[in-house]
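Report on one structure; see the data block that follows.
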Amino acid sequence: MLTGAMVAAAPTITALADALLAGERAALARAITLAESRRADHRQQARELIQRVLPQTGRAIRVGITGVPGVGKSTTIDALGSHLTAKGHKVAVLAVDPSSTRTGGSILGDKTRMARLAVDPNAYIRPSPSSGTLGGVAAKTRETMLLCEAAGFDVILVETVGVGQSETAVADLTDFFLVLMLPNAGDELQGIKKGIIELADMIAVNKADGAGATAARAAAAQYRAALHILAPTSALWSTPVVTISGLTGEGLEGLWRHVEQHHDRLEAHGLITQKRRQQDVKWMWAMVQDRLQARLRNDPALKARTPQIEREVASGRLAATLAAEEIAQALGL
Ligand SMILES: Nc1nc2c(ncn2[C@@H]2O[C@H](COP(=O)(O)OP(=O)(O)O)[C@@H](O)[C@H]2O)c(=O)[nH]1
Ligand SMILES: [Mg+2]
């Protein structure tokens, strides 16, 4: 049955791949829908498609953008993205928002904050896939990113909310990780996470306009001092701290120069490719793990049995090793 489906699908996938590589938006939307689908045959088709267009991927600069809600991510992406399309780039905006599973909404749900990009023929905005685990959501976003690259997009901006694991996932998808901060650094500095400093390739203090400009500059100075103490030293790159205004667009040109400079420097040492290959290996295992877990959740016999196994382990009646062995055997491991 699977073989039959594959044979039947083959010409369609070839046509879809051609349309995608020609940059047709309808083809891109259809390809992404396949990749995000829960249906096994759709996902199989998406995998075939991605394998087919893989040589045409990887030419974009991939930038992750994070920051607390309200910091101005969407506003900044709208201004930065418009600036880049005006310079001739094709910009795809994606999101990783695991909370959208629970809330049904998405950080990109409200396109009003990206009013310019939403109608820009050289931009493509795709909200976060809204189902599954963080690993699943991020893996789908990664496939979407590759499809966008195949369709000719040369800048990929991936927005995520400033919460825990999703930032790490987005850093693992991208070449450059941008952290947006608010001007009121006093509070934030106290809570600044070592993890974020390690992930950040640049910190941009947003809302450096009007009455906020002075505070933003002061905050930037404090972040510079904090980075000096906390940041890992690298011969190739030291994390810049800039002030920007997503609202007025001020500082965005300079911000993008840093992104390009980072890309050029890493590229010159073959490090972009190396970084991406390491990410690919990590993704491979993440996806294997996700599928194992899906098996665990969906296998009817195991689903019926695991709560009991868990209770037996929790009450000390069953040894953890033995319980693990039983589950592994049921999975055919
Ligand atoms: N003054 C000022 N306000 C901004 C700036 N960027 C965003 N805002 C405002 O901050 C609020 C949150 O912006 P939004 O882009 O939705 O933040 P997000 O939640 O991080 O995506 C909105 O009211 C924006 O108009 C900026 O550079 N300057
Ligand atoms: Mg937003």
Quiz item: Take the residues of segment 38-80 that are closer than 15 Å to N206 by Cβ and in a helix (DSSP H, G or I): which is farthest from ligand 1 (Cβ to nearest atom)?
Solution: L80
Quiz item: Taking segment 274-333 as the region of interest, how many residues are in contact with a strand residue (DSSP E or B) (Cβ under 9 Å, 6 or more places away or on another chain) and surrounded by fewer than 11 Cβ atoms within 10 Å (Cβ to Cβ)?
Solution: 0
Quiz item: on the phi > 0 side of the Ramachandran plot, within 16 Å of ligand 2 (Cβ to nearest atom) and surrounded by fewer than 23 Cβ atoms within 10 Å (Cβ to Cβ): does that describe G70?
Solution: yes
Practice problem: Could you list, in sequence order, all residues of segment 113-159 that are part of a loop (DSSP other than H, G, I, E, B) and modelled with pLDDT under 90? | Solution: P127, S128, P129, S130, S131, G132, T133
Exercise. Among residues belonging to segment 228-259 that are charged (D, E, K, R) and part of a helix (DSSP H, G or I), point out the one that is farthest from E198 (Cα to Cα).
Key: E253
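The values are calculated or read from the model by the stated rules, or taken from the named source; none is laboratory data. Note that the structure is a prediction, hence the values are computed from the model and not measured. FYI the Cβ positions are ideal-geometry reconstructions off the backbone, even for glycines, and counts take in every protein chain you see.
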